[in-house]
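Here's the structure, in structure tokens; my notes come after.
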Amino acid sequence: MSAQALTSPESPARSPAWRRLFSTERVLLAMVLLYPLFPVVDLIAEAGGFSLRLDQRLVTIFIYGLLVVALNVQVGYAGLLQLGIAAFFGIGAMATGVMTVEKYPFHFGFWGALLGAPLLAGLAGVLIGAPTLRLRGDYLAIVTIGFGEVLRTVLINLENITDGPRGLNPVAEAWVPMAVRELVGGGDASEATLLVMYYTTLLLLLSAVVLLRVVEKTRLGRAFVALREDELAAACMGLDPGRVKLAAFAGGAALAGLAGSLYATNLTTTADPTNYDFNNSIMVLACLILGGLGSLRGALLGAAILIGFDNVLSPLLDRGLQVLVGDATHPLARFSSWRWFVFGSALIAMMRLRPEGLFPARRVAEELHTTAEDA
């Protein structure tokens with residue numbers, strides 16, 4: 001075979017092995033895996049007189065990354081306009097509290113809660129989705145918003161069960177073997193627990209991504225795409241839209257429940273139910289829109305940018321502005337107080353300049369560009 005044939009468009013040459021080995025994703029994954037052992041950013045921050053603890057903040061980013069991936073199953077894959085994902089996040093957190101706090105007799109522990117919370121959240125997704133998924137578009141969005149607000153109000157008012165605004169606590173921490181405690185931080189239990197939480201959340205996030213990548217190539221994954229593109233045509237081709245929608249809704253709810261379980265464990269409390277309100281759902285949706293609908297890479301990128309901005313960059317900017325202004329009480333000395341303006345401006349710019357997101361699925365990008373050209 002000639003060299004010309006090897007480089008022709010019909011048979012594109014594969015990228016060199018070293019480029020595949022050192023791809024951006026693999027390099028970032030290696031950095032994240034090794035960071036607790038080599039906390040370079042923390043050391044630089046400490047040299048500047050600022051305690052950052054990036055590993056703790058990365059745990060929060062991993063948890064919200066899992067939540068964004070869960071919403072991507074419902075909105076990005078199946079095209080369901082779901083605006084109440086925080087409700088299933090809250091169900092997972094509350095289930096973890098009930099299964100682990102001393103107030104209740106269950107005491108399943110951290111690992112038992114990781115199994116039970118997604119199952120309960122997925123069951124809630126089935127119970128809510130079965131009667132409502134006949135609705136489409138804006139009507140489904142209104143129902144999911146209503147469910148989220150009702151759940152938040154119920155969690156606040158059922159103080160005998162949920163402890164109201166105080167939340168259930170203390171939620172059981174991640175179980176750490178004694179050998180790990182002695183190895184990490186000279187036997188410091190908090191450092192060992194943080195290390196276990198770090199790698200547990202990262203492993204569960206990676207497992208969810210790999211699982212959904214496999215689902216994309218299965219019959220169910222193709223059914224999600226067909227349903228999103230044209231529900232009537234999908235039904236004519238023999239698909240049952242109700243079952244496909246319910247599978248997407250329940251699967252996303254279960255992943256959201258898993259994220260909620262990790263969230264409560266990380267905080268050691270189920271927290272105030274207002275943490276599971278409509279604002280949280282919109283934040284997660286904003287992450288998905290920023291990264292790109294239907295794309296796992298986009299979902300992770302959107303979570304890293306927005307949640308990372310809120311948890312990592314914002315405190316650093318607060319510190320810098322306080323030093324610059326010289327008065328920590330000055331209104332302009334807190335960058336975090338007007339972060340919503342930054343989020344809104346970024347979303348407006350994205351909708352105007354790149355509506356498909358930063359890293360969209362190829363099919364979604366082609367559809368949006370085709371629509372823009374036709375208009």
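Overview of values
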read-out	value
Pair TYR104, THR274: separation of 7 Å Cα→Cβ label points (nm)	2.5 nm
Taking all pairs of distinct alpha-carbon atoms in the range 3-369, Kirkwood radius in angstrom	22.1 Å
Ordering of 203-213, 240-250, 255-265 by packing [mean C-beta count within 10 Å, highest first]	255-265, 240-250, 203-213
Mean separation of Cα contacts under 8 Å (6+ apart) over length of the range 3-369, as relative contact order %	27 percent
Fraction of the pair-distance distribution of the range 118-240 above 21 Å, Cα-Cα pairs, percent	67 percent
Within the accessible area of the range 3-369 (1.4 Å probe), percent carbon and sulfur	67 percent
Magnitude of the charge dipole, the range 3-369, Cβ model with Lys/Arg +1 and Asp/Glu -1, debye to 20	960 debye
Probe 1.4 Å, accessible area per residue of the range 3-369, Å²	52 Å²
Three semi-axes of the equivalent ellipsoid, the range 53-202, Cα gyration tensor, whole Å, largest first	32, 19, 12
Efficiency of FRET between TYR139 and GLN56 - r from beta-carbon atoms, R0 25 angstrom, step 0.05	0.05
Trypsin sites (Lys or Arg not before Pro) restricted to DSSP loop in the range 67-161 with at most 14 other C-beta within 10 Å	LYS103, ARG134, ARG136
Peptides ranked, highest mean first, by Cβ atoms within 10 Å: ranges 221-231, 302-312	302-312, 221-231
Residues ASN160 and GLU46, FRET efficiency given R0 of 45 Å [Cβ-Cβ distance, rounded to 0.05]	0.50
Among 113-123, 78-88, the order from most to least packed when residues are scored by Cβ within 10 Å on average	78-88, 113-123
Inter-probe distance in nm under a simple model that places probes 7 Å from Cα toward Cβ, at ALA233 and LYS217	2.5 nm
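The values are calculated or read from the model by the stated rules, or taken from the named source; none is laboratory data. What you are looking at is a predicted structure, and each value in this text was computed from that prediction instead of being measured. FYI the Cβ positions are ideal-geometry reconstructions off the backbone, even for glycines, and counts take in every protein chain you see. In case anyone asks, the SASA skips ligands and DNA or RNA and just uses the protein heavy atoms, side chains included. Shrake-Rupley method; radii C 1.70, N 1.55, O 1.52, S 1.80 Å.
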